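Comments concern the structure below.
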Amino acid sequence: MDTTPDTAGRGPEPDCLFCKIVAGEVPADVVHETEHSVAFRDINAQAPTHVLVIPRDHHVDLVALATAAPDHAVEVLRAAGAVAEQEGVAGSGYRLVANSGQDAQQTVPHAHVHVVGGRAMTWPPG
Ligand code: AMP
Ligand code: ZN
């Protein structure tokens, strides 16, 4: 279980990479935006389509976001669907991945959903 404290409501985290992308302090290839979400291409794409959808506010992972701001979590998921449509993978299928904590190899502790598609996936995940 992820024991990192959620810092919801405290504004941007100074050392958070994705907060810096939201603020425009770190460049990103943004493909979709809503009031409470931003979507940009993963810098280390694992498939022809690999986009990260994040809330603008800082929460440590998707469950923390859903707990603190359920409407924003829904907005992130709807944005993921819009990205899949926009990328042309909604029909062929795609995978949504939300890593949480150490065993899942979450590397950026700001909530995000990976939208991965454009090739056949395997199961189980590694
Ligand atoms: P996770 O491992 O689930 O925390 O996912 C974090 C993702 O962020 C990884 O897939 C990284 O490739 C990606 N990433 C790291 N830095 C950047 C960046 N500057 N721009 C876009 N994606 C990034
Ligand atoms: Zn953040």
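Taking the condition in contact with an Asp or Glu (Cβ under 6 Å, 6 or more places away or on another chain) and within 16 Å of ligand 2 (Cβ to nearest atom), does H112 pass? If you could, list the steps in order and put the result at the bottom.
Values: in contact with an Asp or Glu (Cβ under 6 Å, 6 or more places away or on another chain): no; within 16 Å of ligand 2 (Cβ to nearest atom): yes.
Judged against the criteria, H112 is not a match.
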Screening E13, E85, E25 for residues that are modelled with pLDDT under 95, more than 12 Å from the chain's Cα centre (by Cα) and among the charged types (D, E, K, R) leaves only E13
Screening T67, T34, T49 for residues that are more than 13 Å from ligand 2 (Cβ to nearest atom), modelled with pLDDT of 95 or more, over 10 Å from the mean Cα position of the chain (by Cα) and buried (at least 22 other Cβ atoms within 10 Å of the Cβ) leaves only T49
Given the conditions (1) at pLDDT 95 or above; (2) out of contact with any strand residue (DSSP E or B) (no Cβ under 7 Å at 6 or more places or on another chain); (3) exposed (fewer than 13 other Cβ atoms within 10 Å of the Cβ), every one holds for H59 apart from (3)
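The values are calculated or read from the model by the stated rules, or taken from the named source; none is laboratory data. In this text the structure is predicted, and so the values were computed from the model without any measurement. Note that each Cβ is placed from the backbone with ideal geometry, even for glycine, and that neighbours are counted across all protein chains shown.
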